[in-house]
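J.: Input: one structure, supplied below.
Quick note: the coordinates plus some simple rules give every number you see, no bench work behind them. For clarity, every value in this text was computed on a predicted model and none was experimentally measured. Cβ sites come from the backbone with ideal geometry, for glycine too, and all protein chains shown count toward neighbours.
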Amino acid sequence: MADPRSVRMHSEDRRRQILDVAVDLFAKKGFAGTTTKEIAAAAGVNEAIIFRHFATKEQLYIAILDAKVCTPEVDSWISHLRDCMERRDDEGLFRALGTKMIEAFREDERFERLMLYALLEGHEIAKIHHQRMGASFFVLLRDYIAQRQREGALREFAPGAVVMAVAGVFRFYAQMSLLCGGSLMPLSDAQIIDTFTGILLNGLRPNGEPARTV
């Protein structure tokens, strides 16, 4: 009986299938440890089909990043963050950041493993990841923090360090909860978001004052 994966697909369906298979393998073996032959075998196609859609393995990886980032859901989330910034809603901003970062781990552990491999391997793809996903987002948050500091709403720490601290606490919790389950921190995600947001804002607001909105 023919392998059902080898059934002729519409070009876009085949492309999505190849991306899904590649995420699986990259998450298990890393970028360097995965070959296009392995991806083709797992997808049930000839290796030439892979190169018909993606000229290089690097292009395949970039397509995975784009498929994850260039979505209506991400656009909507960024719009919500910008709305929080316009309203000077620091608490809402931190909550939205924490919620998204934790949800991302919960919804797609494969992609998170893939990202960790990219960083550990020290490959050029780590730079690609930074350029396509991290740099502009970091600048957006850093500039907002700096603006809030000029307005007197937040204490004068290095803005970039503040962004790293905010993102870091939520990301570390998400990673550790995957490794240890609920045994390490028997709190719900909502409770964690409440707690971390409070800790961060209490540390950033001058003398624990309420946030200034102007």
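J.: Which lysines does K37 reach when only Cα atoms under 18 Å apart count, and residues fewer than 8 places away in its own chain are ignored?
T.: Straight-line reach from K37, under 18 Å: K28, K29, K57.
J.: Using a Förster distance of 30 angstrom, determine the FRET efficiency expected from the C-beta separation of I78 and D13, and round it to 0.05.
T.: 0.60
J.: While we're looking at this one, here's another question. Using a Förster radius of 35 Å, what is the FRET efficiency between T71 and N207 based on their Cβ-Cβ separation? Nearest 0.05, please.
T.: 0.30
J.: While we're on this one: If I stretch the segment between Q59 and R110 completely, what's the gain in nm (0.36 nm per residue apart, minus their alpha carbon distance), one decimal?
T.: 16.5 nm
J.: Another one. Size of the dipole of the chain about the Cα centre, Lys and Arg at +1 and Asp and Glu at -1 on the beta carbon, nothing else charged, in debye to 20?
T.: Charge dipole, the chain, about its Cα centre: 320 debye, nearest 20.
J.: Separate question: How many nm separate the modelled label positions at M185 and R155, each set 7 Å beyond the Cα in the direction of the Cβ?
T.: 2.1
J.: Then there's this: Rounded to the nearest 0.05, what FRET efficiency do K127 and A41 have when you use their Cβ-Cβ distance and R0 = 25 Å?
T.: Efficiency for this residue pair is about 0.30.
J.: So, one more: Fewest to most neighbouring Cβ within 10 Å: what's the order for F137, F54?
T.: Arranged by neighbour count, lowest to highest, F137, F54 become F137, F54.
J.: State the label only: which of [x] 234; [y] 148; [z] 139 corresponds to volume of the Cα convex hull per residue in Å³ computed from the shown model?
T.: [z]
J.: For the chain, what does the helix formula give at 222 nm: sum of -39500 (n - 2.57) over DSSP H segments with n ≥ 4, over the residue count, nearest 500 deg cm²/dmol?
T.: One gets -23000 deg cm²/dmol as the mean residue ellipticity at 222 nm.
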